[in-house]
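Reviewing the structure listed below.
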Amino acid sequence: MPVISVIVPFHNVEKYIGPCLDSISEQTLSDLEVICVDDGSRDDGYTEVEARQAADPRIRLIRQPNQGVGRARNVGLVQATGRYLAFVDGDDTVPREAFKRLVSSLESTGSDLACGNVMRLYRNLLIPSWAHREAFATPVRRTHITRHPLLIRDRMLWNKVYRRTFWDRLGLSFPERMYEDQPVAMAAHVGARSVDVLSKVVYHWRQRDEPGSSITQRRLEPGNLRDRFLSVLQTADLLAREAPKLRHDFDCDTLDIDLTVAVEAAATKGVGPELLDLMVRYLDGVSRESWLSAPFEHRLQVHLLHRRRLAELAEVFEQAREGRLQPRINPSGLLRRRWYGRHPAMPGHLSEVSAELTLTARLVSLEWRDDVLTGVGRAALGRFDAGALRRVRLSAWLAERATGEIIRLSDAESVPAWENAELEEGVTAPEHAFPFDFAFDPAAFTPAQLARRGHWNLYVHLKGHGLKLDAKVAGPRWLPPPVPAPRRRSGVWLVPARSSKGAWGLRLRHAQAVIGECRVDDGDLVFSGRINDLGDGEPVVRLRRKSDGEEMYFPVALAGQDFSARVPLAGIDECVGRESWWEVVLDQGRLIRPLMRRAERQVATVDDRRFLIDRSEDGCLLLAER
């Protein structure tokens, strides 16, 4: 009897099944069996399995007509003989220590189930899985989903090892449809006497980019949605019977994820009456408390879906997508003021937005005027009409990250006004916001503050009508205004900066090298400047991708202390995900972070790839692709 049985269902994943099986065969826990179930593949994936089967007797192959992944898993379960069970999808991979870590934890604690953290695998890049990041941030042994409710989002099957006696005691089996893992994973979490949570990564969940290649990419198809909501209903019924205190957490999660997909499908493609019945049946059981967990804009759309008002839903969905849905907010109460969003389709008991009123602030312009940094911005209460506030007091200040010291910039009354705000790709949307402005003279810095060469963030504060709200001033990197050029004072560079998340501030620093010219020339990024101390080694340009540390190197030409470099943009590794950010530094055995003096921000298109040449948080050259 092997220690663990690994069940691998697969269907049309010829490109991935080999690496999947290789990752299992190379596990440090070698006493395992691998049961591969070919669910009627139309490609030659089974030949990849047969080739590995010939070299590794632990691998077995079962072939069946296409009957779905649930049936394939059940077929594999019948053949499994191990003391523990694990499931791996045929297009994913498993880190080498994964099964050893999970099984060792179960052997140590006696828990019924061990689960671990997950990374998304996109091509050759690993990024944290949004669904697992919070629940697996800290290891916890002998816990339970009722004591660790963040596990409600851990609905997947494959980042776990199950004790076989536990699996059989619960009588677990898979429904023969898509999304078959959710009700089983939740039943295991609820039915376990105790669960081990590992912060170590135990699974690489592939994000495939072939059109229509995954269930996620086909999420709007009627059959996909039907199976999704059958699993949602099955899980909701399980929690109502076995763990009613978890129902609220589950509903909040389902409103956020599954109902977002349902709204998009109903608004853009329409849904049939039977599918609509499933969605309404689920929503009938959602409490008011859970409804109010959703943002007003999404809550309104889900409410219209619940009431089967699909024509109105399509209209509201389009307004929201274009940024035109701007419900007016109104206060109620004196001692305990609450705020409500107003829309003719939204009932009063679902209208409260008190917890949703957060301040957002952006800059419209930022520039040096006679050595004074002047800015104009707008502060909004999310995407609401703030007319009921009439007049508030807005103040702006700089705060040093390390010390918390503050430099006041402005403090004045402000009246909300409508203005078209620029969104992505040149699109604009109306925004009801409070204008503010400020001016900062660098002479306000003390010698001690200059000497610390710290980082100062820009904040605004709104006060009025019972509201007291703070916010960092921020905005998408790809949108105006551009970052002004740095200025020098008392030997210290004052660098206006925007962080990777778009937050504005000032960075004080010295510079070992300065880039004086930067442009795009015939598809190449060309820049030049001067190095203060040449040192001994020959420098090279090093590009480092901020998301995963991937690096690329390019030559540097030297003429005394002057340097120049040329980076072919078409040769940069392709963008991974929505955006890739590359920090550009000089490597001379020591890292030199050259300061970008030029103010211009450029957008260049090379071979249908769009690049942004910008400045990083400390004023270095930054190359982004979107």
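Amide H contacts for LEU525 (H built 1.01 Å from N in the peptide plane; partners 5 or more residues away or on another chain; cut-off under 5 Å): VAL567, LEU569.
Considering only Cα atoms, the convex hull volume of the stretch 75-116 works out to 90 Å³ per residue.
Of LYS472/LYS501; LYS501/LYS546; LYS200/LYS501; LYS100/LYS200; LYS100/LYS160, which ones are farther than 19 Å apart at the Cα? LYS200/LYS501, as the Cα separations exceed 19 Å there. Compared with the dominant principal axis of the Cα atoms in the chain, helix 273-284 is inclined by about 70°.
Rounded to the nearest 20 debye, the dipole magnitude of the stretch 576-626 is 140 debye, with +1 charges on Lys and Arg beta carbons, -1 on Asp and Glu beta carbons, and the Cα centre as origin.
Kirkwood analysis of the stretch 548-626, using all unique Cα-Cα pairs, places the hydrodynamic radius at 13.8 Å. The Kirkwood hydrodynamic radius of the stretch 461-547, based on inverse pair distances between different Cα atoms, is 16.7 Å. Which shape class, rounded, prolate or oblate, goes with the stretch 277-386 when its Cα gyration tensor gives a ≥ b ≥ c as root eigenvalues, a/c under 1.5 marks rounded, and past that a/b bigger than b/c marks prolate? It comes out prolate by the Cα gyration axes. Under the rule a/c < 1.5 gives rounded, and otherwise a/b versus b/c splits prolate from oblate, where does the stretch 104-178 land using the Cα gyration tensor? Oblate, because a/c is 1.5 or more while a/b does not exceed b/c.
Extents of the chain, largest first, come to 78, 70, 46 Å (Cα atoms, principal axes, whole angstrom).
Couplings 3J(HN,Hα) of the stretch 523-533, computed from phi: x, 10, 7, 10, 9, 8, x, 9, 9, 5, 10 Hz, in residue order, whole Hz [Karplus 6.51 cos²θ - 1.76 cosθ + 1.60, θ = phi - 60°; x for Gly and Pro]. Dipole size of the stretch 52-183 about its Cα centre, with +1 on Lys/Arg Cβ and -1 on Asp/Glu Cβ: approximately 200 debye, rounded to the nearest 20. The residues neighbouring THR165, those whose beta-carbon lies less than 15 Å from its own, together hold a net charge of +2 under the Lys/Arg +1, Asp/Glu -1 convention. Hydrodynamic estimate: the Kirkwood radius of the stretch 495-624 over Cα pairs, inserted into Stokes-Einstein at 37 °C and 0.692 mPa s, corresponds to D of 219 µm²/s. The packing ranking of peptides 108-114, 287-293, highest mean first, is 108-114, 287-293, where packing means the average number of other beta carbon atoms within 10 angstrom of each residue. Protection proxy ranking, highest mean first, for peptides 229-238, 409-418: 229-238, 409-418, where packing is the per-residue count of other beta-carbon atoms within 10 Å, averaged.
Prolate is the label for the stretch 1-150, because the ratio a/c of its alpha-carbon gyration tensor axes (a ≥ b ≥ c) is 1.5 or higher and a/b is greater than b/c.
Farthest towards the positive end of the charge dipole of the chain, among the residues TYR84, THR446, TRP418, is the Cα of THR446, using unit charges on the Cβ of Lys, Arg, Asp and Glu. As a rough guide to protection, the peptides 497-505, 81-89 ranked by mean Cβ packing within 10 Å, highest first, stand as 81-89, 497-505.
In a reduced charge model with +1 at each Lys and Arg Cβ and -1 at each Asp and Glu Cβ, the chain shows a dipole moment near 2220 debye about its Cα centre.
Percent of accessible area on the chain owned by carbon and sulfur, 1.4 Å probe? Whole-percent figure for carbon plus sulfur exposure: 48.
Neighbours of LEU363, meaning other residues whose beta-carbon lies under 14 angstrom from its beta-carbon, give a summed charge of +1 when Lys and Arg score +1 and Asp and Glu score -1. Taking the helices alone, the chain has a mean residue ellipticity at 222 nm of -7500 deg cm²/dmol, built from -39,500 (n - 2.57) per DSSP H run of at least 4 residues and averaged over all its residues. Ordering MET186, ALA137, GLY333 by the projection of their Cα atoms onto the charge dipole of the chain, which places +1 on the Cβ of Lys and Arg and -1 on the Cβ of Asp and Glu, puts GLY333 at the extreme positive end. Tell me the net charge near ALA345. Cut-off is 9 Å between Cβ atoms, ALA345 excluded, with +1 for each Lys or Arg and -1 for each Asp or Glu. For residues surrounding ALA345, the net value is +1. Between the residues GLY116, TRP456, ALA314, the greatest Cα displacement towards the positive end of the dipole of the chain, with unit charges on the Cβ of Lys, Arg, Asp and Glu, is found for TRP456. Nearest 10 degrees, 0 to 90: what angle lies between the long axis of helix 258-268 and the longest principal axis of the chain (Cα atoms)? That helix lies at roughly 80 degrees to the long axis. For the chain, the longest principal axis of the C-alpha atoms and the axis of helix 310-321 are separated by about 40°. With protein chains left intact and a 1.4 Å probe, residues in the chain average 44 Å² of accessible area per residue. If you take the alpha carbon atoms of the stretch 168-302 and fit the smallest convex hull around them, that volume is 151 Å³ per residue.
The values are calculated or read from the model by the stated rules, or taken from the named source; none is laboratory data. Since the structure is predicted, the reported quantities are computational estimates derived from the model, not experimental observations. So basically every Cβ, Gly included, is an ideal-geometry build from the backbone, and we count neighbours across all protein chains shown. When the accessible area is computed, the model is the full protein with side chains, heavy atoms only, and any ligands, DNA or RNA have been set aside. Shrake-Rupley method; radii C 1.70, N 1.55, O 1.52, S 1.80 Å.
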